[in-house]
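Just so it is clear, none of the values below were taken in a lab; they were calculated from the coordinates. As the structure is a computational prediction, the values presented were derived from the model and not from experiment. Virtual Cβ from ideal backbone geometry, glycine too; neighbours counted across all protein chains shown.
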Amino acid sequence: MRAVFLDYETISYSDLGTASLMRVIPTLRLYDNTTESQLIERIEHAEIVLLNRIKLGRTTLEAATRLQLIAVAGTGTDNIDLAAAEERGVGVCNVRSYCTPSVAQHAWSMILYLTQRLPAFRQLVIEGAWAGGASFRGAELRIRELRGLTLGIVGWGELGRTVGRIGESFGMRVLAANRHGGAGPPEGKAPQRVLLRELLAVADIVSLHCPLTDQTRGMIGAAELALMKKDALLINTARGALIDSGALAAALKSGRLGGAGIDVLPQEPPVNADPLQDAAIPNLLVTPHVAWAARESRQRCLDEMAANIQDFLSGGRRGRVV
């Protein structure tokens, strides 16, 4: 069986083991990356395609006449034309929950970075302000205690629940936004669910953990940001297009919002300048979509891909989205 991994370099930095994959598909060929001009040639005879960020549209899928399964190295499948895959009888499987510890850790690193004002304090020490003696007034930077604050989670899946549990350990009140068209949690189960606009109005920190869909695209725009507290924080480790970058940049520049931690942008890599790449924006931390990238999480992802493929070859539907 012919199998190719089109962009292996985007998940492994020469630090992962491929034994689990090779046991399942010994003929697997690993390509560090694949350009658009190389794509058709590499998949037209493949029966299994593994990928992370490579896009597979309808035209490309139509050229892959032997393709049986697309195995995604991650949770998101918005880079694949799922309708076209289903029409052609091509299975698509993803990996869920593999990076929960890494992403939750990253989200909280951003929250603490912004709440504790660590870079500003470090700069004061470097500049010698602390050495000024009795005149030093570092407390003017206004650290906030998390205890007693409200944490709003948008996307109450495994990731959202994990981030929420950490918030509870800090003594925070946790709220979850209602799903679009969905019901609340079973009776007696935490957290309290409220409408998104209600959550935005009362939360001191809002953390996004929902998928990108037609319903969630642009869900946080100027109108939604205007509902938030002036000192609130917005954290996004989910998908960049959930937020209107221009509206968020404007809110931060005007002091309308307390701060933001952003690990994802609508276009990645941001070839065209994104408004959030402006280094002059205050209280903004942008990282290059690395929340998922702890070595342990990446190894777990490869092993889960191998398990998905093994199950597919045995006639199962493990990890299937199509």
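A compact table of results
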{"read-out": "Region 1-93, relative contact order [Cα under 8 Å, separation at least 6], %", "value": "29 percent"}
{"read-out": "Ellipticity estimate at 222 nm from DSSP helix runs (n ≥ 4, -39,500 (n - 2.57)) divided over the chain, nearest 500", "value": "-9500 deg cm²/dmol"}
{"read-out": "Percentage relative contact order, the chain, counting C-alpha pairs under 8 Å, at least six apart", "value": "18 percent"}
{"read-out": "Integer Hz, Karplus 6.51/-1.76/1.60 couplings in order for region 285-296, x for Gly and Pro", "value": "10, 10, 10, x, 6, 10, 4, 7, 8, 4, 4, 4"}
{"read-out": "Residues Ile143, Ile281, Ile220, sorted so that the one with the fewest Cβ neighbours within 10 Å comes first", "value": "Ile143, Ile281, Ile220"}
{"read-out": "For region 69-77, Karplus couplings with θ = phi - 60° (6.51, -1.76, 1.60), whole Hz, Gly/Pro x", "value": "8, 10, 9, 8, 8, x, 8, x, 10"}
{"read-out": "5 angstrom amide H check on Val286, placed H, neighbours 5+ away", "value": "Ile262"}
{"read-out": "Burial ordering of Met172, Met1, fewest other beta-carbon atoms within 10 Å first", "value": "Met1, Met172"}
{"read-out": "³J(HN,Hα), Karplus 6.51/-1.76/1.60, whole Hz, each residue of region 231-243, x for Gly, Pro", "value": "9, 6, 10, 10, 10, 10, 10, 9, 9, x, 6, 5, 10"}
{"read-out": "Per residue, the convex hull volume that the Cα atoms of the chain enclose (Å³)", "value": "162 Å³"}
{"read-out": "Over region 100-286, relative contact order from alpha-carbon pairs under 8 Å, at least 6 apart, %", "value": "19 percent"}
